[in-house]
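Peer 1: This is the structure I want to talk about, given as structure tokens.
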Amino acid sequence: MTIESAYTDWSATYDQDRNLTRDLDQIVARQMLEHVRCRSILEIGCGTGKNTALLAAIGDHVRAFDFSSGMIAQAKEKIRAENVTFAVADITNPWPCEDRCADLIACNLVLEHVENLSFIFAESFRTLMHGGRFFVSELHPFRQYQGTKANFQRDEERTEIPAFVHHLSDFTDAAAAVGLTLRNFKEWWHEEDRNKPPRLVSFVFEKTVR
């Protein structure tokens, strides 16, 4: 099963399934972004819109992309804000937006499914305004080293979604290579993660050069 078809299959129950990683990511996004105010936001990999309502509240306009038509359909049902535009788009190809169009890019639980981080960071640099920020929240590689992958259950069948392991330095190196500066780095645990490795990692990168 491809990554796209897996997420389209999962989309019907994604919001209802028990998923501590999804739940923690919403907490992370709110803590990191709720006091930010933006003119234009790109959300790459919006899924069912779990963070899109937050982005709509802090931004004048939000463009939300996902490569799964099923996920986009769920997001459109849930988010009816007039300042949000949804589109099916594969972010491993050139993004359907102009240069320097956003002052915030949000990317949550997406990059584990992308092999080439360099392209994502290059497109982020291209589409960010000067001083704009790229917010990333991802499954912590410490969890990946233990074999953790995004997965869902259908009756008795468990589907693991293909993923790529990215070390912490892979994110910072990809950012530095295109001219993005690391402004914030945090590791995150769910309340049920006592005495376990961090579940998520977040970064905030800033475009400090033109």
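The values are calculated or read from the model by the stated rules, or taken from the named source; none is laboratory data. Fair warning: this is a prediction, and the values are worked out from it, not measured in the lab. As a convention, Cβ positions derive from the backbone with ideal geometry for all residues, glycine included, and neighbour counts pool all protein chains shown. Note: accessible area is taken over every heavy atom of the protein model, side chains too, but ligands, DNA and RNA are not part of it. Shrake-Rupley method; radii C 1.70, N 1.55, O 1.52, S 1.80 Å.
Peer 1: Anything in the range 22-51 that is outside any loop (DSSP other than H, G, I, E, B), open to solvent by 30 Å² or more (accessible area, probe 1.4 Å) and more than 11 Å from ALA106 (Cβ to Cβ)? List them, or say none.
Peer 2: The answer is ASP23, GLN26, ILE27, ARG30, GLN31, ARG39.
Peer 1: Within the range 65-85, track down each residue that is open to solvent by less than 30 Å² (accessible area, probe 1.4 Å), under 21 Å from LEU128 (Cβ atoms) and more than 13 Å from the chain's Cα centre (by Cα).
Peer 2: Within the range 65-85, just VAL84 meets the criteria.
Peer 1: Could you list, ordered by first residue, the pairs with Cβ atoms under 6 Å in which the first is in the range 1-16 and assigned to a loop (DSSP other than H, G, I, E, B) and the second is at pLDDT 85 or above and open to solvent by less than 40 Å² (accessible area, probe 1.4 Å), at least 6 apart or interchain?
Peer 2: Going by the 6 Å Cβ cut-off, the qualifying pairs are SER11/GLY70; SER11/MET71; TYR14/THR48; ASP15/THR48.
Peer 1: Still on this structure, I have one more. From (1) part of a helix (DSSP H, G or I); (2) open to solvent by less than 10 Å² (accessible area, probe 1.4 Å), pick out the condition that doesn't hold for VAL62.
Peer 2: It is condition (1) that VAL62 fails.
Peer 1: Would you check which residues across the range 145-180 are out of contact with any Lys or Arg (no Cβ under 6 Å at 6 or more places or on another chain), among the small types (Gly, Ala, Ser) and either at pLDDT below 85 or surrounded by 13 or more Cβ atoms within 10 Å (Cβ to Cβ) (or both) and list them?
Peer 2: ALA150, ALA174, ALA175, ALA176, ALA177, GLY179
Peer 1: A follow-up question, please. For PHE125, indicate whether it is open to solvent by 30 Å² or more (accessible area, probe 1.4 Å), modelled with pLDDT of 95 or more, at negative phi and among the aromatic types (Phe, Trp, Tyr).
Peer 2: yes
Peer 1: Can THR159 be described as β-branched (Val, Ile, Thr), more than 17 Å from MET32 (Cβ to Cβ) and in a loop (DSSP other than H, G, I, E, B)?
Peer 2: When the stated conditions are applied, THR159 does not pass them.
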